[in-house]
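The values are calculated or read from the model by the stated rules, or taken from the named source; none is laboratory data. As the structure is a prediction and not an experimental result, all values here were calculated from the model. Cβ placement follows ideal geometry from the backbone for every residue including glycine, while neighbour counts extend to all protein chains displayed. With ligands, DNA and RNA removed, areas are computed over all heavy atoms of the protein, side chains included. Shrake-Rupley method; radii C 1.70, N 1.55, O 1.52, S 1.80 Å.
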Amino acid sequence: MFAFSSQYSAVDTNPLSVYVMQPIWNKIIKIVPLWIAPNLLTFSGFVMILFNYFLISFYDWDYTASGTSPGLVPTWVWLFSAFTTFCAYALDSIDGKHARRTQSSTPLGELFDHGLDSWATSIFVLSFFSVCSRDNGKNGVSVYTMYIYLSIVLFNFMCSHWEKYNTGVLFLPWGYDISQVLIAAYLLTGTVGVEVWQKPLLFGYYITDVLVILLIGECPDLSHLKKTLKNDSLYEGLLPLVSPLLLFVLLTVWVVLSPSNILAKQPRLFLWMVGVAFSNVICKVIICQMSSTQPELFHWFLFPLALVVYAAISGLLGCTEEAVLGVFTALVTAAHVHYGVCVVSKHAWKQFLVGALSRSLNVYV
């Protein structure tokens, strides 16, 4: 059992956040009843993201609805996506404020918040891919480009928490607030139609090209490491990066060398698996950072993944590669949910016992 640190430090220097979004969140927090638990706000935002993802998946499983047959996704779905995205960002931004407001801030709340963020990050991106549509030879984004985009976003998230592991301070990347452009994108799609994404914006470039620039531009500034580095050992400082990088290598090998072109056949299933696997790996880093413990060199998930990748690229799976991907994705998702429930319930129970003991001692005294 590891003990969590009760200190939390974060720095956000984005002008959009400081001068625009924070004033909005400060007004919204005033209407939240004091009896609502902060973790309920966090979980509600995640559920809204998840529900929106499954709703879009129902109308556009293979990311072709917006490109081949515009109108297959109803207008109300895009407008609902804008609404849920805004609410999710709002709830994620005010849960900490509400915890401090009600004097109920706990390390468990921080873990719950960042743990769900690590999963929500990929879900946001996977939902938005339905707006861009899959490449049909004329326009759209190829599934390989989707994989690269998702990898960039996850890499940025990983770097932020790796930096916090080494410095003790979470320097929020500017892309966190810039990515709220998704709300405007959903509104634009709902009011104008998906055709707006299929026409060149300027000099032959599409709106999706602009989004790529935003993705690249949201890379975190790692200059803080030199100023506030906690770990003197280079090995210990780089240790949290080993498993995420190996995860990316294994997944990329599967994408590139798959005999059945698995990413093209099942893009939504494969990309969902990528997001879940990443979330589980980064959650271990977050826990180690909060508990001041050293992360394991190789995450357990790398071993079954390596076996599946080897079986796939060597041809052993044959025509069953898609079925194996489905089973593997289901198992990984179930394992991640089980892990999250166990960690939260274990430390919630510990927190309850500590509180009960403290109250008993006060009564005795």
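Things worth noting here:
- Hey, Ala277 within 30 Å of Thr167 (Cβ to Cβ) and open to solvent by less than 50 Å² (accessible area, probe 1.4 Å) or not: yes
- In segment 60-114, the qualifying residues are those that are open to solvent by 50 Å² or more (accessible area, probe 1.4 Å) and among the basic types (Lys, Arg), and the one that is nearest to the chain's Cα centre (by Cα) is Arg100.
- Test for Ser93: is it among the hydroxyl-bearing types (Ser, Thr, Tyr) and farther than 21 Å from Gly340 by Cβ: yes
- Just one of the listed residues (Val212, Val253, Val242) is under 17 Å from Phe157 (Cα atoms), open to solvent by less than 80 Å² (accessible area, probe 1.4 Å) and at pLDDT 85 or above, and it is Val242.
- Whether a residue is buried (at least 16 other Cβ atoms within 10 Å of the Cβ) and modelled with pLDDT of 90 or more was assessed, and Ile56 passes this test.
- The condition (being of a type in the set (Ser, Thr, Tyr), open to solvent by 30 Å² or more (accessible area, probe 1.4 Å) and more than 24 Å from Ala334 (Cβ to Cβ)) is satisfied by just one residue among Ser292, Ser260: Ser292.
- Those residues of segment 298-326 which are among the hydrophobic types (A, V, I, L, M, F, W, C), under 22 Å from the mean Cα position of the chain (by Cα) and surrounded by fewer than 16 Cβ atoms within 10 Å (Cβ to Cβ), in sequence order: Phe298, Trp300
- Residue check, Phe128 open to solvent by 30 Å² or more (accessible area, probe 1.4 Å), at pLDDT 85 or above and closer than 22 Å to Leu269 by Cα: no
- Meets criteria (in a helix (DSSP H, G or I), at pLDDT below 85 and of a type in the set (Val, Ile, Thr)) for Val354: yes
- Consider segment 293-305 and keep the residues that are of a type in the set (A, V, I, L, M, F, W, C) and within 16 Å of Phe278 (Cβ to Cβ). The one that is modelled with the highest pLDDT is Leu305.
- Note on segment 32-101: enclosed helices (runs of 4 or more DSSP H) holding 2 or more residues that are β-branched (Val, Ile, Thr) and touching a residue at least 60 places away in the same chain (Cβ under 8 Å) are 38-59, 75-101.
- Residue count for segment 37-47 satisfying the condition of being open to solvent by 50 Å² or more (accessible area, probe 1.4 Å) and in contact with a helix residue (DSSP H, G or I) (Cβ under 8 Å, 6 or more places away or on another chain): 2.
Residue-wise test of (1) of a type outside the set (D, E, K, R); (2) free of Cβ contacts under 8 Å to residues at least 12 places away in the same chain; (3) touching a helix residue (DSSP H, G or I) at 6+ places or on another chain (Cβ under 6 Å); (4) over 27 Å from Leu108 (Cβ atoms).
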| position | (1), (2), (3), (4) |
| --- | --- |
| Val308 | yes, no, yes, yes |
| Leu316 | yes, yes, no, yes |
| Val337 | yes, yes, no, no |
| Val341 | yes, yes, no, no |
| Ser345 | yes, yes, no, no |
